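Asker: The structure's right below; bear with me while I get my questions together.
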Amino acid sequence: MASIGIFDSGSGGLTVLREIRKILPQERFIYWSDNAHCPYGEKTAAYIIDRSRAIVENLLSRGVQAIVVACNTATATAIATLRAEYDIPFVGMEPAVKPAVSGTRSGVVGVLATAGTLNAPKYLNIKGQYADAVRIVESVGRGFVELVESLELDGPHAESVVRASLEPLLAAGADTIVLGCTHYPFLLPLMQHIAPPDVTFIDPAPAVARRLRDVLSEGGIPASDASPGVELLSSGADTTLKKLFELI
Ligand code: DGL
């Protein structure tokens with residue numbers, strides 16, 4: 001059994017924890033929601049790197065042996081620094097552009113993510129690899145993280161917020177839409193309600209879970225005496241985290 005740390009700017013990373021627990025039910029997970037500093041989406045890279053370091057130190061002091069950066073924005077801006085500074089495995093989020101490019105029938109792929117993710121070189125490099133094959137259109141999910149953190153997952157206000165960022169992708173002809181922020185899968189039912197039925201949404205979390213399983217089985221992580229289960233921690237109030245944990 002291993003002890004795994006997982007962190008996000010808030011509760012979004014729970015959508016990754018959900019997929020991880022499906023294939024690794026016997027491990028110990030310590031989840032850190034940095035909700036006192038959420039959202040990360042419009043913050044500077046330096047700020048996100050500082051927060052990520054502080055969280056990693058905290059998780060290491062609790063004995064974790066590997067860390068999942070369950071935040072696209074923190075992965076895009078901080079994971080390279082974390083890997084250079086700490087001698088444990090880090091697994092990060094990858095915007096699922098590749099499977100979206102394989103799956104699109106219209107030849108237009110939509111990417112919904114934060115501004116921090118969409119402006120990061122990591123994303124721009126991935127996008128550049130497919131720019132000749134398909135048209136890739138992007139939209140920042142404005143207000144999506146705030147909806148999730150305030151537990152507003154449906155209703156007329158949530159629908160109008162989601163519609164405002166989703167409709168430009170649909171209008172551009174996207175039939176395959178990548179969920180490039182870990183908070184967004186909590187709004188998937190609303191997105192599916194807004195989009196025509198032939199639009200496919202792709203969540204990279206199952207692929208991230210498989211990557212973690214490979215990292216653990218590749219070895220190098222000694223068995224720990226941690227008991228299986230999930231510990232939920234947060235830098236701010238934990239009400240949302242606990243409620244959303246019940247939904248996953
Ligand atoms: N859940 C995050 C992500 O995957 C961060 C969103 C935010 O804090 O802006 O990008």
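Asker: What number, in percent, do you get for the relative contact order of the chain if the mean sequence gap of Cα pairs under 8 Å and at least 6 apart is divided by its residue count?
Answerer: On the way: 467 pairs, mean separation 77.9, N = 248.
This gives 31 percent for the chain.
Asker: To the nearest 20 debye, what is the magnitude of the charge dipole of region 132-231 about its Cα centre, counting +1 on the Cβ of each Lys and Arg and -1 on the Cβ of each Asp and Glu?
Answerer: Values: 6 positive and 15 negative charges, 37 e Å.
So the magnitude is around 180 debye.
Asker: Please identify which residues in region 1-44 have an amide N closer than 15 Å to a label point set 7 Å out from the Cα of residue 243, following the Cα→Cβ vector.
Answerer: Counting only backbone N, you get 11-12.
Asker: Hey, another quick one. At q = 0.16, 0.19 Å⁻¹, what log₁₀ I(q)/I(0) does region 52-104 have when each alpha carbon counts as one equal point scatterer in the Debye sum?
Answerer: Scattering profile of region 52-104, log10 relative to I(0): -0.50, -0.64.
Asker: Counting alpha carbon pairs within less than 8 Å and at least 6 residues apart, what relative contact order, in whole percent, applies to region 1-86? Working shown, then result.
Answerer: Values: 106 pairs, mean separation 37.3, N = 86.
It rounds to 43 percent for region 1-86.
Asker: Still on this model: If you bin the C-alpha pair distances of the chain every 5 Å from 0, what whole percents do you get?
Answerer: 1, 7, 15, 18, 20, 17, 12, 7, 3, 1, 0
Asker: Pick from 72, 35, 125: which is most flexible by mean-square fluctuation in a GNM of the chain where alpha carbon atoms under 10 Å apart are linked?
Answerer: 125
Asker: If the viscosity is 0.890 mPa s and the temperature 25 °C, what Stokes-Einstein diffusion coefficient in µm²/s follows for region 1-89 when Rh is the Kirkwood radius over Cα pairs? If you can, show how the numbers build up before the last one.
Answerer: Working: Rh = 13.0 Å.
The diffusion coefficient I find is 188 µm²/s.
Asker: While we're on this one: Order these peptides, 198-209, 223-234, 110-121, by their mean beta-carbon neighbour count within 10 angstrom, highest first.
Answerer: In decreasing order of mean packing, 198-209, 223-234, 110-121 become 110-121, 198-209, 223-234.
Asker: In Å³ and rounded to a whole number, note down the convex hull volume per residue for the Cα atoms of region 105-248.
Answerer: On the way: hull volume 23.0 nm³, N = 144.
Enclosed volume per residue, from the Cα hull, is 160 Å³.
Asker: Counting only C-alpha contacts under 8 Å and six or more residues apart, can you give the relative contact order of region 165-212 as a whole percent? Before the final figure, lay out each step's value.
Answerer: On the way: 28 pairs, mean separation 22.6, N = 48.
Here the relative contact order equals 47 percent.
Asker: About the Cα centre, and with charges only on the beta carbon of Lys, Arg (+1) and Asp, Glu (-1), how big is the dipole of region 92-162? Nearest 20 debye, please.
Answerer: On the way: 6 positive and 8 negative charges, 98 e Å.
That gives region 92-162 a dipole magnitude of about 480 debye.
We did not get these values from a lab; they are worked out from the coordinates using the rules stated. As the structure is a computational prediction, the values presented were derived from the model and not from experiment. Virtual Cβ from ideal backbone geometry, glycine too; neighbours counted across all protein chains shown.
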